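Visitor: My structure is below; once you've seen it, I'll send some questions.
The values are calculated or read from the model by the stated rules, or taken from the named source; none is laboratory data. Owing to the predicted nature of the structure, the values given are computational and were not obtained by experimental measurement. Backbone-built Cβ (ideal geometry, glycine too); neighbour counts: all protein chains shown.
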Amino acid sequence: MVALKIEELKDFTRKLFVEEVFDWWMMREAVITTFNMFTIDGRIRKGYFMEQELEEKGIGELSPWKLVRPVCFSLIKGKRLPESFRITLQLPGARVEQFLQSVQPDFKAEQVSGLYLNIRYEEQKLYCVTGTSLNVFTLDKKIEQEWDETVKRFLREREIVYTEG
């Protein structure tokens, strides 16, 4: 786990809420505090969709950030800054498999519960905190360390300025 302080808040929030930079991530949860606290559970309610829709659109367990982003943006836009927000994004299953192939090919995707990017804004400071959750116990920290480096690279490639701390 590593905490990365985002240095250019306006640039980051534009990339998060307006642009498509994070659209392919899956959203696990969002909590946005303005005049009320709004909590969005990213788990798909399968009963809402017809079976055919689920298959055709490849709808899985979690909502893509792309679908939830406009809702979240509508909650924070305006003249006043939100008091805080917390958004937990998760790497999609297919990308978990790609990540494992490049990092630790003998590790199976089923052994990874999630690879996370936790975005936290509070007191006018924004942090991205990495997280890993494995379904098996291991003393080897290679997956966690490589995930930290992957997130740093993701941010750098998108010209998101951060400092570690």
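Visitor: Mind checking which pairs have a first residue in the stretch 47-61 that is farther than 18 Å from Trp25 by Cα and modelled with pLDDT of 80 or more and a second that is surrounded by 11 or more Cβ atoms within 10 Å (Cβ to Cβ) and of a type outside the set (Asp, Glu), Cβ under 9 Å, 6 or more apart or different chains?
Guide: Matching pairs, first to second residue: Phe49/Ile59; Glu53/Ile59.
Visitor: Here are some residues: Ile76, Ile6, Ile32, Ile59. Which one is within 22 Å of Phe154 (Cα to Cα) and either touching a Phe, Trp or Tyr at 6+ places or on another chain (Cβ under 8 Å) or of a type in the set (S, T, N, Q) (or both)?
Guide: After applying the criteria, what remains is Ile6.
Visitor: Identify, from the list Arg95, Arg28, Arg69, the residue that is surrounded by 12 or more Cβ atoms within 10 Å (Cβ to Cβ), not hydrophobic (A, V, I, L, M, F, W, C) and not in a helix (DSSP H, G or I).
Guide: Going through Arg95, Arg28, Arg69 in turn, the sole match is Arg28.
Visitor: Another question, then. Mind checking which residues of the stretch 40-60 are within 17 Å of Leu117 (Cα to Cα) and part of a loop (DSSP other than H, G, I, E, B)?
Guide: Gly42
Visitor: Exactly one condition in (1) among the charged types (D, E, K, R); (2) over 20 Å from Leu91 (Cα atoms); (3) in contact (Cβ under 8 Å) with a residue 24 or more places away in the chain is not met by Arg69; state its number.
Guide: (2)
Visitor: Every residue in the stretch 72-86 that is within 16 Å of Glu122 (Cα to Cα) and either exposed (fewer than 11 other Cβ atoms within 10 Å of the Cβ) or of a type in the set (Gly, Ala, Ser) (or both), please.
Guide: Passing the criteria: Arg80, Ser84.
Visitor: Pairs please, first residue from the stretch 136-165 and closer than 22 Å to Lys125 by Cα and of a type in the set (Val, Ile, Thr), second anywhere and surrounded by fewer than 16 Cβ atoms within 10 Å (Cβ to Cβ) and at pLDDT 95 or above, Cβ atoms under 8 Å, 6+ apart in sequence or on different chains.
Guide: Partner pairs satisfying both residue conditions: Ile160/Glu8; Ile160/Asp11; Val161/Glu7; Val161/Glu8; Val161/Asp11; Thr163/Lys5; Thr163/Glu7.
Visitor: Evaluate the following for Val129: is it touching a residue at least 60 places away in the same chain (Cβ under 8 Å) and not in a helix (DSSP H, G or I)?
Guide: yes
Visitor: What do you reckon, is Leu75 closer than 30 Å to Lys142 by Cβ and not in a loop (DSSP other than H, G, I, E, B)?
Guide: no
Visitor: Within the stretch 16-25, which residues are farther than 17 Å from Asn118 by Cα and either surrounded by 14 or more Cβ atoms within 10 Å (Cβ to Cβ) or without any contact (Cβ under 8 Å) to a residue 12 or more places away in the chain (or both)?
Guide: Glu19, the sole residue that qualifies.
Visitor: Taking the options Gly58, Gly47, name whichever one is surrounded by fewer than 18 Cβ atoms within 10 Å (Cβ to Cβ), closer than 30 Å to Ile143 by Cα and of a type in the set (Gly, Ala, Ser).
Guide: Step by step, each of Gly58, Gly47 is checked, and only Gly58 is surrounded by fewer than 18 Cβ atoms within 10 Å (Cβ to Cβ), closer than 30 Å to Ile143 by Cα and of a type in the set (Gly, Ala, Ser).
Visitor: Follow-up. Given the condition within 30 Å of Asn36 (Cα to Cα), within 16 Å of the chain's Cα centre (by Cα), of a type outside the set (Gly, Ala, Ser) and not in a strand (DSSP E or B), answer yes or no: does some residue in the stretch 81-91 qualify?
Guide: yes
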